[in-house]
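The values are calculated or read from the model by the stated rules, or taken from the named source; none is laboratory data. What you are looking at is a predicted structure, and each value in this text was computed from that prediction instead of being measured. Neighbour counts run over all protein chains shown; Cβ positions are idealised from the backbone, glycine included.
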Amino acid sequence: MPEGFIPPHGGYENLLSYKKALIIYDVTAQFCERFVDKRSRTRDQMVQAARSGKQNIILLLIHQANYLLDRQLRQLEKAFLAEGGLRERMTRARLAERNRQRPPPSSS
């Protein structure tokens, strides 16, 4: 495969929603460090909930990408079947090439 065939990907860290979720996680962790007892189950739950919010954004993006790829594949399949499949497309291309190469009929 040529270099650059698959475009660069990622960059979810630059999304506004991810940045805000990261801030919420950081603030929650600092709040719990300062005000909630280290042995408290509440502290663990709060930090875990903030972490989950951040990670759910990534999972949502993965799900969205899968959905869009599936939709695109279905459209390609539909177009392929509408065109008659591979054998029919090859036959049409072959006939078109033959017609293009034939000299025009001579007028006498």
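Are any of the residues in region 48-55 among the hydrophobic types (A, V, I, L, M, F, W, C), at pLDDT below 95, out of contact with any strand residue (DSSP E or B) (no Cβ under 8 Å at 6 or more places or on another chain) and exposed (fewer than 11 other Cβ atoms within 10 Å of the Cβ)?
No, because not a single residue in region 48-55 is among the hydrophobic types (A, V, I, L, M, F, W, C), at pLDDT below 95, out of contact with any strand residue (DSSP E or B) (no Cβ under 8 Å at 6 or more places or on another chain) and exposed (fewer than 11 other Cβ atoms within 10 Å of the Cβ).
Would you point out which residue out of Ala50, Ala65 is out of contact with any Pro (no Cβ under 7 Å at 6 or more places or on another chain), under 30 Å from Gln30 (Cα atoms) and either free of Cβ contacts under 8 Å to residues at least 60 places away in the same chain or in a helix (DSSP H, G or I) (or both)?
Ala50
Just to be sure, is Ala29 at negative phi, touching a Lys or Arg at 6+ places or on another chain (Cβ under 9 Å) and of a type in the set (Gly, Ala, Ser)? Steps first, please.
Working: at negative phi: yes; touching a Lys or Arg at 6+ places or on another chain (Cβ under 9 Å): yes; of a type in the set (Gly, Ala, Ser): yes.
Yes; evaluated as a whole, the condition is true for this residue.
Okay, residues lined up against (1) more than 37 Å from the chain's Cα centre (by Cα); (2) modelled with pLDDT of 90 or more; (3) not charged (D, E, K, R):
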position	(1), (2), (3)
Lys38	yes, yes, no
Ile62	no, no, yes
Arg74	no, yes, no
Leu95	yes, yes, yes
Gln101	yes, no, yes
Pro104	yes, no, yes
Ser107	yes, no, yes
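Could you tell me whether region 5-12 includes any residue that is exposed (fewer than 10 other Cβ atoms within 10 Å of the Cβ) and either modelled with pLDDT of 90 or more or β-branched (Val, Ile, Thr) (or both)?
Restricting attention to region 5-12, the residues satisfying the condition of being exposed (fewer than 10 other Cβ atoms within 10 Å of the Cβ) are 5-11.
Next cut, either modelled with pLDDT of 90 or more or β-branched (Val, Ile, Thr) (or both) only: 6.
There is at least one residue in region 5-12 that is exposed (fewer than 10 other Cβ atoms within 10 Å of the Cβ) and either modelled with pLDDT of 90 or more or β-branched (Val, Ile, Thr) (or both).
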